[in-house]
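This report refers to the structure that appears directly beneath it.
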Amino acid sequence: MVVKLKVGRNILDIDENDLILDNGACYQIITKEVGYAFDKSIPIMSKKLFNDLKKCELIFTSEGLRQAAINKYGNHVVAFWKFNVNQMHKMGY
(Lines give C-alpha, C1' and ligand atoms only; values in the text may rest on other atoms or scores of the structure.)
Protein backbone atom coordinates (compact mmCIF):
# COMPACT_ATOMS: atom_id res chain seq x y z
CA MET A 1 0.00 0.00 0.00
CA VAL A 2 1.30 3.45 -0.93
CA VAL A 3 0.28 6.86 0.41
CA LYS A 4 1.26 10.32 -0.83
CA LEU A 5 2.96 12.70 1.59
CA LYS A 6 4.00 16.29 0.89
CA VAL A 7 7.49 16.89 2.20
CA GLY A 8 8.71 20.40 1.49
CA ARG A 9 7.88 21.13 -2.13
CA ASN A 10 7.80 17.48 -3.15
CA ILE A 11 5.03 14.88 -3.02
CA LEU A 12 6.48 11.47 -2.17
CA ASP A 13 4.99 7.99 -2.50
CA ILE A 14 5.48 6.45 0.94
CA ASP A 15 5.19 2.73 1.69
CA GLU A 16 5.87 0.59 4.75
CA ASN A 17 9.55 0.09 3.81
CA ASP A 18 10.49 3.78 3.96
CA LEU A 19 12.65 4.99 6.85
CA ILE A 20 13.12 8.35 8.53
CA LEU A 21 16.57 9.05 9.97
CA ASP A 22 16.47 11.22 13.09
CA ASN A 23 20.05 12.41 13.58
CA GLY A 24 19.27 14.99 16.24
CA ALA A 25 19.43 17.94 13.85
CA CYS A 26 16.98 17.06 11.06
CA TYR A 27 14.66 14.31 9.83
CA GLN A 28 15.66 12.72 6.52
CA ILE A 29 13.64 10.17 4.54
CA ILE A 30 16.70 8.14 3.61
CA THR A 31 14.92 5.68 1.32
CA LYS A 32 13.79 8.41 -1.12
CA GLU A 33 15.56 10.82 -3.45
CA VAL A 34 14.28 14.01 -5.05
CA GLY A 35 15.69 15.90 -8.01
CA TYR A 36 17.11 14.86 -11.34
CA ALA A 37 20.44 13.53 -12.61
CA PHE A 38 23.30 15.14 -10.67
CA ASP A 39 20.96 17.30 -8.58
CA LYS A 40 19.51 14.44 -6.49
CA SER A 41 19.20 14.81 -2.74
CA ILE A 42 17.52 13.14 0.21
CA PRO A 43 14.28 14.88 1.24
CA ILE A 44 14.33 16.56 4.64
CA MET A 45 11.12 16.59 6.65
CA SER A 46 10.21 19.63 8.73
CA LYS A 47 10.18 19.29 12.50
CA LYS A 48 6.53 20.35 12.55
CA LEU A 49 5.51 17.59 10.10
CA PHE A 50 7.54 15.02 12.05
CA ASN A 51 5.97 16.05 15.37
CA ASP A 52 2.46 16.02 13.84
CA LEU A 53 2.97 12.51 12.44
CA LYS A 54 4.41 11.35 15.75
CA LYS A 55 1.54 12.87 17.74
CA CYS A 56 -1.05 11.11 15.54
CA GLU A 57 0.96 7.85 15.80
CA LEU A 58 1.54 7.72 12.04
CA ILE A 59 5.25 7.02 12.57
CA PHE A 60 6.87 4.72 15.11
CA THR A 61 10.21 3.42 16.27
CA SER A 62 11.24 0.32 18.15
CA GLU A 63 14.30 -1.00 19.93
CA GLY A 64 15.23 -3.00 16.80
CA LEU A 65 15.16 0.14 14.66
CA ARG A 66 17.27 2.01 17.22
CA GLN A 67 19.83 -0.82 17.30
CA ALA A 68 19.97 -0.87 13.48
CA ALA A 69 20.72 2.87 13.46
CA ILE A 70 23.39 2.47 16.15
CA ASN A 71 25.01 -0.40 14.23
CA LYS A 72 25.02 1.58 10.97
CA TYR A 73 26.14 4.99 12.26
CA GLY A 74 28.00 4.04 15.45
CA ASN A 75 26.45 6.46 17.96
CA HIS A 76 23.42 6.66 20.23
CA VAL A 77 22.04 9.96 18.91
CA VAL A 78 20.53 8.62 15.69
CA ALA A 79 17.29 6.65 15.39
CA PHE A 80 15.24 5.17 12.57
CA TRP A 81 11.47 5.72 12.36
CA LYS A 82 9.00 3.85 10.14
CA PHE A 83 5.69 4.98 8.67
CA ASN A 84 2.43 3.38 9.82
CA VAL A 85 1.01 3.27 6.28
CA ASN A 86 -2.21 1.45 7.19
CA GLN A 87 -3.12 4.12 9.73
CA MET A 88 -2.14 6.89 7.28
CA HIS A 89 -4.39 5.34 4.64
CA LYS A 90 -7.30 5.21 7.11
CA MET A 91 -6.78 8.90 7.97
CA GLY A 92 -6.93 9.91 4.31
CA TYR A 93 -3.31 10.43 3.27
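The values are calculated or read from the model by the stated rules, or taken from the named source; none is laboratory data. Keep in mind the model is a prediction, meaning the values are calculated, not measured. Cβ: placed from backbone, ideal geometry, glycine included. Neighbour counts: every protein chain shown. Please note that ligands, DNA and RNA were not included when accessible areas were found on the heavy atoms of the full protein model with its side chains. Shrake-Rupley method; radii C 1.70, N 1.55, O 1.52, S 1.80 Å.
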- the chain, accessible area per residue, ligands and nucleic acids excluded (1.4 Å, Å²): 66
- Note on the structure: In whole Hz, the Karplus estimates of ³J(HN,Hα) for the range 51-66 (6.51, -1.76, 1.60; θ = phi - 60°; x where Gly or Pro) are 5, 5, 5, 5, 5, 8, 6, 8, 10, 8, 10, 9, 5, x, 5, 5
- Item | Within the chain, GluC sites (Glu not before Pro) in DSSP loop having at most 15 other beta-carbon neighbours inside 10 Å | Glu16, Glu33, Glu57
- Note on the structure: Interchain or sequence-distant (5+) residues whose placed amide H lies within less than 5 Å of the amide H of Ile14 are Val3, Lys4, Leu5
- Report, to the nearest whole %, how much of the accessible area of the chain belongs to carbon and sulfur atoms, 1.4 Å probe, protein only. 51
- Note on the structure: Restricting to aspartates and glutamates and to Cα separations under 19 Å from Lys72, and discarding same-chain partners fewer than 8 apart, the set is Asp18, Asp22, Glu63
- Query: Ranked by accessible surface with a 1.4 Å probe, highest first, in what order do His76, His89 come?
  - Reply: His76, His89
- Query: Within the range 30-81, which chymotrypsin sites (Phe, Trp or Tyr not before Pro) sit in a loop by DSSP and count at most 12 neighbouring Cβ atoms inside 10 Å?
  - Reply: Tyr36
- Mind telling me which of Ile20, Ile29, Ile44 comes out most flexible in a GNM of the chain, alpha-carbon contacts under 10 Å? Ile44
- Note on the structure: Dividing the surface of the Cα convex hull of the chain by four yields a projected area in nm² of 6.4
- Summed over the other residues with a beta carbon less than 14 angstrom from that of Ser41, with K and R at +1 and D and E at -1, the charge totals +1
- Task: Sum up the charges of everything whose Cβ sits under 15 Å from the Cβ of Tyr73, counting Lys and Arg as +1 and Asp and Glu as -1, but leave Tyr73 out.
- Result: +1
- What lysines could a cross-link reach from Lys32, if we take a straight Cα to Cα line under 17 Å and drop same-chain neighbours fewer than 8 places away? Lys4, Lys6, Lys40, Lys82
